[in-house]
Structure formats: C-alpha cells, structure tokens
1. Could you please give the count of residues in region 29-48 that are touching a Phe, Trp or Tyr at 6+ places or on another chain (Cβ under 7 Å) and surrounded by 15 or more Cβ atoms within 10 Å (Cβ to Cβ)?
2. Would you point out the residue of region 73-97, among those that are basic (Lys, Arg) and not in a loop (DSSP other than H, G, I, E, B), that is surrounded by the fewest Cβ atoms within 10 Å (Cβ to Cβ)?
3. Among the residues of region 49-66, is there at least one that is of a type in the set (Gly, Ala, Ser), at pLDDT below 90 and surrounded by fewer than 18 Cβ atoms within 10 Å (Cβ to Cβ)?
4. Every residue in region 91-117 that is of a type outside the set (A, V, I, L, M) and touching a residue at least 60 places away in the same chain (Cβ under 8 Å), please.
5. Do any residues in region 65-84 that are more than 12 Å from residue 13 (Cα to Cα) have Cβ atoms under 6 Å from those of residues that are of a type in the set (D, E, K, R) and in a loop (DSSP other than H, G, I, E, B), where the two are at least six apart or on different chains, and which pairs are they?
6. Have a look at 20, 5, 44, 100 and point out the one that is in a helix (DSSP H, G or I), touching a strand residue (DSSP E or B) at 6+ places or on another chain (Cβ under 8 Å) and of a type in the set (Asp, Glu).
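The values are calculated or read from the model by the stated rules, or taken from the named source; none is laboratory data. Note that this is a predicted model, so its numbers are computed, not measured. No Cβ is skipped: glycine too gets one built from the backbone with ideal geometry, and neighbour counts run over all protein chains shown.
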Amino acid sequence: MRKGEALKRRLPEPELLGSENPETLIVSWGSNKGVILDVLKAIEANEANEANEARIGYLHYTYLWPLKTERFKRLAASAKRLVLVECNKQGQLGMLLKQESGIDITHKILKYDGRPFFYDELLSKLKKVLP
C-alpha cells in the first residue's frame, strides 16, 4: 500500500495539450496520441479560418496505475463536454476514471476491430461531437 502511494506521488500528471481551459476535453492514452494531435491541428486550422474558436484540450494518460485524477477532475468540472477516445470495446480508461473520480464521460469514440484510428475516421467522429 505504501509503495503504491509513493509511486502515485512520483508519477507525472497526465499531459494536457491544447487549451488550458477547454470547452471540450478529449481524454485518451497510448498510441492514439499522434492521430488525435493531427486531428486537433486540422480542427484548429479550420476554426481559425472560420473565425470561430473551439477551445479543445487533450488530456493524454501515459501511466494508468496508480491513476492520477486531480488534473482530470479540475478540467472536467469546467468543460462543457468530455470525449473519450479509445481502442477497445468497453472504454476501459473511461471506466477506470469513473471508478477513481466519480466522473462519467458521456461521449465515447471507441474502436475495437484491432486497427488504430485513422485520421479521416477520427476527424469525422469528433466533428459529430463538437458544437
């Protein structure tokens, strides 16, 4: 028990990319990072052209246990929408976050065919969730 607590104190917080005060918070982990960042660049470029800024933040988890939830809880409290992006059928990170923080992520973009998210596919799915 003490080792777990010591490890939790030493692990870094999940990395926040994008807006520091997001209206939409995307949460994911692992190999989804690259495609999510590419999609966010495209959305930001499109929003800049339309002069309509959508504040989007991406919280990337590297370490899943012991799970650090302080930053997630703070960002989730002020975000209008939470979006989970995962490559598994059940949304396991979302379940773990709910277990540890009590916060349920309602918008889930899940893929479970054994293949990674592709740029066009994720862009299309995210656009359906964004205002």
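1. Residues that pass the stated criteria total 6.
2. Checked region 73-97; the qualifying residue surrounded by the fewest Cβ atoms within 10 Å (Cβ to Cβ) is 74.
3. There is at least one residue in region 49-66 that is of a type in the set (Gly, Ala, Ser), at pLDDT below 90 and surrounded by fewer than 18 Cβ atoms within 10 Å (Cβ to Cβ).
4. Within region 91-117, 94, 116, 117 meet the criteria.
5. 80/23
6. None of the others qualify; the one that does is 44.
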